[in-house]
Protein chains: 2
Amino acid sequence: MWTRSLVLSAPGKVILHGEHAVVHGKVALAAALNLRTFLRMTPRQDGRVSLQLPNLGSRRSWAAAELRPLLAAASAELPEAQTPSAQQLEELKELAGGKDGHEAVQSVAAATFLYLYLSVASKCGWTKEELDVINRLAFKGEQVIHGNPSGVDNAVSTWGGALQYVSGKISVLERVPTLRILLTNTKVPRSTKVLVAGVKAKLLKFPTIMEPMLTSIDAVSRECEGILEAMTGDPSQEHYSRLEDLVDINQHLLNGIGVGHALLDRVCQVTSSHGLHSKLTGAGGGGCAITLLRPGTTPSAVEDAVRDLTCCGFECWETVIGAPGISAHALPCLRAEVQKALQGS
Amino acid sequence: MWTRSLVLSAPGKVILHGEHAVVHGKVALAAALNLRTFLRMTPRQDGRVSLQLPNLGSRRSWAAAELRPLLAAASAELPEAQTPSAQQLEELKELAGGKDGHEAVQSVAAATFLYLYLSVASKCGWTKEELDVINRLAFKGEQVIHGNPSGVDNAVSTWGGALQYVSGKISVLERVPTLRILLTNTKVPRSTKVLVAGVKAKLLKFPTIMEPMLTSIDAVSRECEGILEAMTGDPSQEHYSRLEDLVDINQHLLNGIGVGHALLDRVCQVTSSHGLHSKLTGAGGGGCAITLLRPGTTPSAVEDAVRDLTCCGFECWETVIGAPGISAHALPCLRAEVQKALQGS
């Protein structure tokens, strides 16, 4: 058992290039996004396990004795993590307070926490091998959250930086630079499933037209990977210019395969009027866009772009990609708002 | 010699699909545009050859005797039309009133007229073989106007309908439907040469990305050709839906290869808000866009779109593609404004 609290964080993820194409066997590049999720673990003396999710406005606790039967079953599997069984998922969701068929984000988060808590107990470490364990555990969390995870999200959040994903194979990129970006949420809701099905339908309708477009997207991802690797130790502006070309080209290709949206075009137009280059990230059809910022882009230039984007009703965050993976923190070193949220107990 | 006046017309041309890609050996589709150029030929008794170009505000005449030395040289070559010699071009331009290095459109038009007039003299006919002669003569006109014509423009204007062009080979499409379109001029000036060079440079910079995009454009042209041929005798709405898909996809691809323009995107957005699909036509980077209209698109729907486009500062013409080629007319059957322009002598 720990004797004092432990503060950890892990980055988010964006798809840099290759969304949708990856479904059809092409390369995708994912990068760690420095919008981080923080976790503070504190030992208790009252025999209870308590979970607080301040962002989700959720606070739950369970008697440790109540969890013990599940603990034995889950921890026996570690670290060669198996898929959680249907019965385990059922019991977890019941404990987590999920009503029949009701999968509110709070319940899913609680069930995921419980599963990982029960699996990991007091195991925690930071060697390469231990990071592998964390990655596999995070993957188990993904399996609780949705049925068929690719393994990309947990890998990016564990290792940080960027990685290549192709045909189920994940390779972590060596020497990835940290790139400034603007993440813009168009707030247009969309269904990844519907968008993926739309691309599939278009591929069946116009195979000779669509297949080369996916090949082109694949080449964009590979070219981008080469540029990212060449950037380390060579801070030439030419690299940024090529990255911008790739962002523009891929945005047009994504529009071409039918996963664009008028408001994503709007993000591109607005940022273009500030000399910046944007593309959708992820499923498209709405959702988020990323905008590359050069090292020399001034704060006031970013503010101007953010102001115009906000006027369109979008929400923006300036952050970096290629961020560190899972990290330990000293609580006093964190931003005040993060400290405050973590001290809510 | 004719004893009464002869009224002829020939259609303009649009590239339906394949602009730029055609430079790199891919298929392009060109279609006859029913914005026609009219010609009225009237016999004279005064021994002079007179040329009036009311659209260009130009009126010139030459003594037939002065033209005779050139006549012998030019007509001897017919109908196996050779390229006009540098000396012939020099003499023509002098006669046409072109000052040194000054290539005003009026002078080039006059020089082209003189060359064809001198070549054709009183030859004129309408059999298949004679149309071939007209096509070759029109090609000679193209050679006077610019150095290295593809032969597409003269072929479309002669034969009408639509044709496929690939690697220097022109094939006239059988059974092409007449399609309603809106032609919109963004009035953004651009240089075809600069745009073609830009695509070449991008192809050299990102060959693995750009080559599949050109392959995709090639497939768009071939798919469109198949649809046009399938449309004859099958007026299914599904054909129009596919043509619209192709227009959208190609517009994104053309943006991707770098020949788009913000105001061409504007045309697409405005027409899209009226449920219509548009793409740039020709060199891009400004210039014109075409918008497909379905047979059922109501005049008021077209008027609404035209009003919004006009508000953006664009100029629009509603017309058809797949129009007839060179045609003879009875003067009284033409629109009043055309009659008036042709009776200006």
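Table for the structure above
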| quantity | calculated |
| --- | --- |
| Nearest-first distances (nm) between copies at A:Gln269, label 7 Å from Cα via Cβ | 0.0 |
| Folded to 0 to 90 degrees: helix B:192-205 orientation relative to chain B principal axis, Cα | 40 |
| Full-extension gain in nm, B:Glu94 to B:Ala63, via 0.36 nm per residue minus C-alpha separation | 9.7 nm |
| Long-range amide H partners of A:Lys13 with built H, under 5 Å | A:Leu33 |
| Alpha-carbon centroid distance for the pair region B:23-52 / region A:11-66, whole angstrom | 69 |
| Candidates A:Ala31, A:Ala301, A:Ala138: whichever shows maximal mean-square fluctuation once chain A is modelled as a Gaussian network with Cα springs under 10 Å | A:Ala301 |
| Probe 1.4 Å, all protein chains present, accessible-area order of B:Lys140, A:Lys340, largest first | A:Lys340, B:Lys140 |
| Region B:240-316 shape via C-alpha gyration tensor axes, a/c threshold 1.5 | oblate |
| Relative contact order of region B:174-318, pairs being alpha-carbon contacts under 8 Å that are 6 or more residues apart, as % | 42 |
| Region B:174-291 - percent of accessible surface contributed by carbon and sulfur, probe 1.4 Å | 56 |
| Pairs beyond 23 Å (Cα-Cα), from B:Lys202/B:Lys279; A:Lys13/A:Lys140; B:Lys93/B:Lys200; A:Lys128/A:Lys340 | B:Lys93/B:Lys200; A:Lys128/A:Lys340 |
| Selected from B:Ala230, B:Ala111, B:Ala162 as most flexible by GNM, with chain B as the system and alpha-carbon contacts under 10 Å | B:Ala230 |
| Teacher prompt: B:Thr37 distances to equivalent labels in other copies, 7 Å Cα→Cβ, nm | 6.7 |
| 7 Å along Cα→Cβ, label-point gaps from A:Arg175 to other copies, nm, shortest first | 6.1 |
| Heavy-atom accessible area per residue - the protein assembly as shown, 1.4 Å, Å² | 47 |
| Highest-fluctuation residue, A:Pro207, A:Pro332, A:Pro54 considered, GNM on chain A with Cα pairs under 10 Å | A:Pro332 |
| Mean separation of Cα contacts under 8 Å, 6 or more apart, over the residue count of region A:198-265: relative contact order % | 42 |
| Acute angle (nearest 10 degrees) that the helix B:262-272 long axis makes with the longest principal axis of chain B, alpha-carbon atoms | 70 |
| Cα shape, region A:194-345, gyration tensor, a/c 1.5 rule | prolate |
| Residue-by-residue Karplus 3J(HN,Hα) for region A:171-184, coefficients 6.51, -1.76, 1.60, Hz, glycine and proline x | 10, 6, 6, 7, 6, 9, x, 8, 10, 6, 9, 10, 9, 10 |
| Separation between Cα centres of region B:316-345 and region B:217-294, rounded to whole Å | 27 |
| Cα-based helix-to-principal-axis angle, B:64-75 vs chain B, degrees rounded to 10 | 60 |
| Largest-first principal axis extents, alpha carbons of chain B, Å | 58, 48, 38 |
| Cα gyration tensor, the protein assembly as shown - rounded (a/c under 1.5), prolate or oblate | prolate |
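The values are calculated or read from the model by the stated rules, or taken from the named source; none is laboratory data. All of these numbers come straight from a predicted model, not from anything done at the bench. For neighbour counting, all protein chains shown are included, and Cβ atoms are generated from backbone atoms with ideal geometry for every residue, glycine included. Heavy atoms of the whole protein, side chains included, go into the accessibility calculation; ligands, DNA and RNA do not. Shrake-Rupley method; radii C 1.70, N 1.55, O 1.52, S 1.80 Å.
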